[in-house]
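To start, the structure under review is shown below, and the notes come after it.
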Amino acid sequence: MVLAGEVVDEHFGMIGKGAAEKIAGDRTLANGARMESPVEAMSEIAVDDVIRERARVNSLVEMSAQVYRVYNRKVVEIDGRDVEIRIIILGTQGENIRAILFEEKVALANSMPIERGDVLHLVRFVVRRGYNGLELASLLDSRIEKISSSASEVANFSMLRNGQKDVDVIGRIVAIGPVKHSIFSIGRGNDACNCTISDGKTQMRLTVIGNAVHDLSLAHPGDPIKIEFCAVRDEKELYANESSRILVSAALRPRLC
């Protein structure tokens, strides 16, 4: 595990604690891409086994669990190499663990697609010591199976109310604006993009910042879109940040109004 103090020392004390912790967390995540598959027999465990640290580090496991949150894919750097990752939170809001998907497994969350409330069966994942406790990491031969699906979204914009948070909304893209990049940002963390979405009757403005901007910029008018964990700023605008998830997928089309 990479420690924030080590990162501060590398930068001769010129960065703050918050920035050091973010860099350390990204490096810890990326280090998982180096892991090889354990040779021991696979065992079946539960989310609670990982939360309570009853699982053995480096053990090979399988697990069935409900999805609480899916994060947008991101790219982190380790030893000068860009590593693509995606984090899925399994369990509930109060009791959960992280499952880290690496490299070719990253696109699975969109292609299946994996959404909030789905129940997954993970096969041949490895238990490892993460930045905030035990977590699961995918290997080259890991598998993900969807046991059941959950439609958690609001498809009728008239049901949305100002001030709502952590809401899921589904609609169709009407128009997409240009990507705006902050001149004060080194990475894509402050990228922003606006688009207009429709439920078939009403249109709303959607403002997206962070990692999801890249995926949104590749979408087209007419594409179905789902925003998980977004906020309603007023009854005509949605806001999605790093804690939100953007899913653009043809699989959503039958669920549109």
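The values are calculated or read from the model by the stated rules, or taken from the named source; none is laboratory data. Treat the numbers as computed from the prediction; the structure is a model and nothing was measured. Cβ sites come from the backbone with ideal geometry, for glycine too, and all protein chains shown count toward neighbours.
Answer yes if at least one residue in the range 74-91 is within 26 Å of D166 (Cβ to Cβ) and assigned to a loop (DSSP other than H, G, I, E, B), and no otherwise. Looking through the range 74-91, none of the residues is within 26 Å of D166 (Cβ to Cβ) and assigned to a loop (DSSP other than H, G, I, E, B). With respect to G94, determine if the residue is part of a loop (DSSP other than H, G, I, E, B) and either touching a residue at least 24 places away in the same chain (Cβ under 8 Å) or of a type in the set (S, T, Y) (or both). For G94, the condition - part of a loop (DSSP other than H, G, I, E, B) and either touching a residue at least 24 places away in the same chain (Cβ under 8 Å) or of a type in the set (S, T, Y) (or both) - is not met. Scanning the range 105-125 for residues that are of a type in the set (V, I, T), touching a residue at least 40 places away in the same chain (Cβ under 8 Å) and not in a strand (DSSP E or B) returns a single hit, I114.
In the range 65-73, the condition of being surrounded by fewer than 17 Cβ atoms within 10 Å (Cβ to Cβ), of a type in the set (A, V, I, L, M, F, W, C) and not assigned by TED's automatic domain parsing to the domain that holds I225 is met by no residue.
Where strands (runs of 3 or more DSSP E) fall entirely within the range 138-257, those with at least 3 residues that are free of Cβ contacts under 8 Å to residues at least 60 places away in the same chain are at 143-148, 167-176, 192-198, 203-209, 224-234, 237-240. Residue pairs whose Cβ atoms lie under 8 Å apart, separated by 6 or more positions or on different chains, with the first residue in the range 47-59 and farther than 16 Å from L90 by Cα and the second of a type outside the set (A, V, I, L, M, F, W, C), are R54/D48; V57/R128; V57/R129; N58/P38; N58/R128; S59/P38; S59/E40; S59/S43. When D191, D168 are screened for being in contact with a helix residue (DSSP H, G or I) (Cβ under 9 Å, 6 or more places away or on another chain), charged (D, E, K, R) and buried (at least 16 other Cβ atoms within 10 Å of the Cβ), only D191 passes. Of note, V174 does not satisfy the criterion of being closer than 27 Å to R54 by Cα and touching a Pro at 6+ places or on another chain (Cβ under 7 Å).
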